[in-house]
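I'd like to ask you about the structure that follows.
The values are calculated or read from the model by the stated rules, or taken from the named source; none is laboratory data. All values reported here derive from a predicted model rather than from experimental measurement. Positions of Cβ are backbone-derived with ideal geometry, glycine not excepted, and every protein chain shown enters the neighbour counts.
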Amino acid sequence: MEITQQCVVALTWTLKDTLGEELDVLDDPVEFLVGGEDLLHRIEEALQGHGPGATLALNLEPEDAFGDFNDQLLFLEPRELFPPEIEEGMTFDGSALPEGVNPTAPRSGLYTVTEIYPEHLVLDGNHPLAGIALRLQLTVQGVREATEEEIGKGTAGTGFFRIQPQAPGNSLLH
C-alpha cells in the first residue's frame, strides 16, 4: 500500500541538527496519521506515494519544522508562584500557569522551565526545537488504512510533533 492522505504510517527515524548531533532516535516503529495532526506538513508531503521499506532523508529548515525562536515567549517569573519541587525541564500547559504569572504569556501554549534562580525562574514558550534546522532520516516500516476513529480524532495517538507536558528527566522527544 502506498502512502496517501488518511492512512497510518509506521516510521522509524534518526533526527539530527545541522552539525550532526543526534537529537532523537526512534528505533521501534511508531504509527502516525497522514492527513491529521501527527506529522509536520513537509514530512507528509515527502512521504506521499512511498511504501514500506522506503527510506527518506529530509532537510527541514525552522519554518518547515518548529518555527523560528521567538524571544517574546520567554518569561521571567517569581519563583514563589511555583511549587517547591519544580525542576528545570518541567513543562506547564499555558492554561494551568499559576495565578500571578505575566498576563501577556499566551495561555494556549506549553512552557518549559529552562532556568531556576533563587527568586525567579524562566519559562520558555518555544518548542524545544524552535529555530533549529533539522536533518531527518526516516524509514517507512508499514502503511495501513486509517480507522474512522483515527480520522475523526485527527491522530493515530502519537504526539511527537505536538509537545506534551512531561516530568523532568525525560530527555526523549517522542
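Here is a check on your reading of the model: is Gly100 closer than 28 Å to Thr14 by Cβ, small (Gly, Ala, Ser) and either surrounded by 14 or more Cβ atoms within 10 Å (Cβ to Cβ) or out of contact with any His (no Cβ under 8 Å at 6 or more places or on another chain) (or both)? Steps first, please.
Details: closer than 28 Å to Thr14 by Cβ: no; small (Gly, Ala, Ser): yes; either surrounded by 14 or more Cβ atoms within 10 Å (Cβ to Cβ) or out of contact with any His (no Cβ under 8 Å at 6 or more places or on another chain) (or both): yes.
No, not satisfied.
Same structure again: Can you tell me how many residues within the stretch 77-116 are among the aliphatic types (A, V, I, L, M) and more than 20 Å from Ala130 (Cβ to Cβ)? If you could, list the steps in order and put the result at the bottom.
Here is the first cut: in the stretch 77-116, the ones among the aliphatic types (A, V, I, L, M) are 81, 86, 90, 96-97, 101, 105, 110, 113, 116.
Going one step further and asking which of them are more than 20 Å from Ala130 (Cβ to Cβ), we end up with 81, 86, 96, 101, 116.
Summing the residues that are among the aliphatic types (A, V, I, L, M) and more than 20 Å from Ala130 (Cβ to Cβ) in the stretch 77-116 gives 5.
Collect the residues in the stretch 40-67 that are of a type in the set (Phe, Trp, Tyr) and modelled with pLDDT of 95 or more, keeping them in residue-number order.
none
How do the pairs read when you match residues in the stretch 135-151 that are assigned by TED's automatic domain parsing to the domain that holds Glu22 with residues anywhere that are at pLDDT 95 or above and of a type in the set (Gly, Ala, Ser), using Cβ under 7 Å and keeping only pairs 6 or more apart or on different chains?
Gln137/Ala57; Val140/Gly51; Val140/Gly53; Val140/Ala54; Gln141/Ala10; Gly142/Ala10; Val143/Gly51
Would you pick out the residues in the stretch 28-50 that are charged (D, E, K, R) and closer than 17 Å to Lys153 by Cα? Give the derivation first.
Our first condition is that a residue be charged (D, E, K, R); within the stretch 28-50, this holds for 28, 31, 37-38, 42, 44-45.
Those that are charged (D, E, K, R) and closer than 17 Å to Lys153 by Cα: Glu31, Glu37, Asp38.
If the requirement is being in contact with a Ser or Thr (Cβ under 8 Å, 6 or more places away or on another chain), farther than 22 Å from Glu148 by Cα and hydrophobic (A, V, I, L, M, F, W, C), which of these qualifies: Leu33, Leu26, Leu15? Give the derivation first.
Working: Leu33 fails: farther than 22 Å from Glu148 by Cα; Leu15 fails: in contact with a Ser or Thr (Cβ under 8 Å, 6 or more places away or on another chain).
Exactly one of Leu33, Leu26, Leu15 is in contact with a Ser or Thr (Cβ under 8 Å, 6 or more places away or on another chain), farther than 22 Å from Glu148 by Cα and hydrophobic (A, V, I, L, M, F, W, C), namely Leu26.
Would you check which residues across the stretch 129-157 are in a strand (DSSP E or B) and acidic (Asp, Glu) and list them?
Residues of the stretch 129-157 in a strand (DSSP E or B): 134-145.
The one that is in a strand (DSSP E or B) and acidic (Asp, Glu): Glu145.
Of the residues Gly36, Gly49, Gly53, which is surrounded by 13 or more Cβ atoms within 10 Å (Cβ to Cβ) and touching a residue at least 12 places away in the same chain (Cβ under 8 Å)?
On the way: Gly49 fails: surrounded by 13 or more Cβ atoms within 10 Å (Cβ to Cβ); Gly53 fails: surrounded by 13 or more Cβ atoms within 10 Å (Cβ to Cβ).
The conditions single out Gly36.
Evaluate the following for Ala10: is it surrounded by fewer than 19 Cβ atoms within 10 Å (Cβ to Cβ) and either polar (S, T, N, Q) or more than 21 Å from Gly157 (Cα to Cα) (or both)?
no
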